[in-house]
1. Quick one: in the range B:102-119, of everything that is among the β-branched types (Val, Ile, Thr) and open to solvent by less than 20 Å² (accessible area, probe 1.4 Å), which residue is farthest from the other protein chains (Cβ to nearest Cβ)?
2. Can you tell me which residue in the range A:46-75 is surrounded by the fewest Cβ atoms within 10 Å (Cβ to Cβ), limited to those that are within 20 Å of the chain's Cα centre (by Cα) and within 8 Å of chain B (Cβ to nearest Cβ)?
3. Checking A:Asn159 against (1) buried (at least 20 other Cβ atoms within 10 Å of the Cβ); (2) outside any loop (DSSP other than H, G, I, E, B), which single condition isn't satisfied?
4. So which of A:Ala175, A:Ala195 is more than 8 Å from every other protein chain (Cβ to nearest Cβ), within 27 Å of B:Ser98 (Cβ to Cβ) and not in a strand (DSSP E or B)?
5. Which of the residues spanning the range A:76-98 are more than 17 Å from the chain's Cα centre (by Cα), outside any strand (DSSP E or B) and either not acidic (Asp, Glu) or not assigned by TED's automatic domain parsing to the domain that holds A:Ala203 (or both)?
6. Name the residue that is modelled with the lowest pLDDT, counting only residues in the range A:197-250 that are among the hydroxyl-bearing types (Ser, Thr, Tyr) and either open to solvent by 30 Å² or more (accessible area, probe 1.4 Å) or not assigned by TED's automatic domain parsing to the domain that holds A:Pro107 (or both).
7. Is it the case that the range B:139-157 has a residue that's surrounded by fewer than 19 Cβ atoms within 10 Å (Cβ to Cβ), without any contact (Cβ under 8 Å) to a residue 24 or more places away in the chain and either within 21 Å of A:Gly127 (Cβ to Cβ) or facing another protein chain (nearest Cβ under 9 Å) (or both)?
8. Give just the number: which of (1) outside any strand (DSSP E or B); (2) modelled with pLDDT of 95 or more; (3) open to solvent by 30 Å² or more (accessible area, probe 1.4 Å) does B:Pro70 not satisfy?
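The values are calculated or read from the model by the stated rules, or taken from the named source; none is laboratory data. All values reported here derive from a predicted model rather than from experimental measurement. When we count neighbours, we look across all protein chains shown, and the Cβ atoms used for this are built from the backbone with ideal geometry, even at glycine. SASA here: full protein model, heavy atoms, side chains in, ligands and nucleic acids out. Shrake-Rupley method; radii C 1.70, N 1.55, O 1.52, S 1.80 Å.
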Amino acid sequence: MSVPQARRALSLVLLAALVTLFTTLLPGGVATARQAASTYVVQGVPDTRVDVSVDGNAVRSGVAAKQVVGPLGLSPGHHTVSFSSPDWKVMTSVTVHGSQDVVLHWPADAADKPVVTVFTNDVSAVGSGKGRLSVAHTAVVPPADITADGKTLFTNIANGEFVSAVVPAATYQVAVVPTGGGNPLLGPLPLPVQAGALTRVFAIGAPRNGSMDAVVQVLPVPTTGGAAPASVHTGSAGLVNPDGSVDTARLTTWPVLTALLGR
Amino acid sequence: MRPSDVAAAVLAAALLGACSASGAGTSATGNQAAHVDAAARPAAVATPAASQERTERPVSVTLPSGRVLPVDVVRTLPGGALAIPRDIHRAGWWAGSSRLGDPFGSIVLAAHVDSFTQGVGPAAELLSTRPGARVHLAARHRAQSYRVTSVRVVPRADLRREEVVFSAAGSRRLVLITCGGAYDAARGGYQDNVVVVARPTRHS
């Protein structure tokens, strides 16, 4: 190859490299670097088996009530999710991003087919020894309260709503009670809340046919802050007396000391 | 092969490579493009109940004298010591402790009582704080007032055994920690921690 030919070949290689660089910078290329979404499908309709498909493709068939399917590696953006039972078909579009539960459930009032509600999973960090408890209302009951060990944690949660709290890791006796009083609609049931995890509870079903139940899903979350401190070292100069008064003798020498130390 | 052929081949390869690199990640359905059936209605998006507490970390603390300290987020270091802001005019909030709006446990703040470089700190007033004194926390959107219920002097080596101070359980409380007690330069300086516990004055 002559020098002019080599130079031209080199410039073409450089051009190709430049083209490759710019194409990876296009939105399509960036999407591959973005964190993958985690989508779960929750079958919250009692007493039936459901076939689940996404974007026209079968994902799982015969999903029983209370089953959680996933995580599905769906790309961020719009997708169609379909649920089929012998009696009905529900087709819905969802916008996928982050960690989410796509929940099939009956609405609060009478309906001929179930509805779909998407719940975002809060997987942000919790303190060590703590877990995030999230309770969702997807049952055929009016607004309800959530109690833990007999104490009301949340009030007036309606169908399609949820509540969430970070609590010390422990097993709690959790109940769903009608807002305004009455016997528990569900529970009390022992619910372990693990440290470093999101524990999701979906109340499902209807009292009229005795199908009230709970779906429990546990997802890991990071922890923050480190372990409980073993020591807190908050003072070094000896300028304060035990009663809170200032040690005037030390205080007068303090500026001299700091000057000597060159700080 | 002529250079222009090479160019065409390389350009084609680059574009094809870009096409397969772009589009969907590992889609379970194998579809490159999102497929939304026209018959599909948008799913409802769950909302938090109106009673849902928004939890926030403290941004400032107002001591009984009215002195306000900004609050930094701090963590426990590998050796077990809580990292305290070096500036004695700032307090540290332990990120493993509770936030404003959490239903249980201690919100833990600590600040230096003094330093060699800055002198006596605002936290020194905690050594003469009495039960009944008022403390206030402000967060980005919410705030909470507290009333002091106890002021205790705990030998520093015993702090880790104190049950309530760092506990995540039990009814909400605010815990303020600094140093105090006898000072012995040869034995590590201040011998004690001063622990102030305060309870919320109204439901937050």
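1. Taking the range B:102-119 as the starting set, the residues that turn out to be among the β-branched types (Val, Ile, Thr) are B:107-108, B:113, B:117.
Still in the list and also open to solvent by less than 20 Å² (accessible area, probe 1.4 Å): B:107-108, B:113.
Working: B:Ile107: 11, B:Val108: 8, B:Val113: 4 Å.
By that ranking, first place goes to B:Ile107.
2. This residue is A:Gly73.
3. Failing condition for A:Asn159: (2).
4. Values: A:Ala175 fails: not in a strand (DSSP E or B).
A:Ala195 is the lone residue from the list that is more than 8 Å from every other protein chain (Cβ to nearest Cβ), within 27 Å of B:Ser98 (Cβ to Cβ) and not in a strand (DSSP E or B).
5. Correct list: A:Ser85, A:Pro86, A:Trp88.
6. First pass over the range A:197-250, keeping only residues among the hydroxyl-bearing types (Ser, Thr, Tyr): A:199, A:211, A:223-224, A:231, A:234, A:236, A:245, A:248.
Adding the requirement that they be either open to solvent by 30 Å² or more (accessible area, probe 1.4 Å) or not assigned by TED's automatic domain parsing to the domain that holds A:Pro107 (or both) leaves A:223-224, A:231, A:234, A:236, A:245, A:248.
On the way: A:Thr223: 97, A:Thr224: 97, A:Ser231: 95, A:Thr234: 90, A:Ser236: 87, A:Ser245: 93, A:Thr248: 84.
If we take residues in the range A:197-250 being among the hydroxyl-bearing types (Ser, Thr, Tyr) and either open to solvent by 30 Å² or more (accessible area, probe 1.4 Å) or not assigned by TED's automatic domain parsing to the domain that holds A:Pro107 (or both), then A:Thr248 is modelled with the lowest pLDDT.
7. Within the range B:139-157, one or more residues are surrounded by fewer than 19 Cβ atoms within 10 Å (Cβ to Cβ), without any contact (Cβ under 8 Å) to a residue 24 or more places away in the chain and either within 21 Å of A:Gly127 (Cβ to Cβ) or facing another protein chain (nearest Cβ under 9 Å) (or both).
8. Among (1) outside any strand (DSSP E or B); (2) modelled with pLDDT of 95 or more; (3) open to solvent by 30 Å² or more (accessible area, probe 1.4 Å), the lone unmet condition for B:Pro70 is (1).
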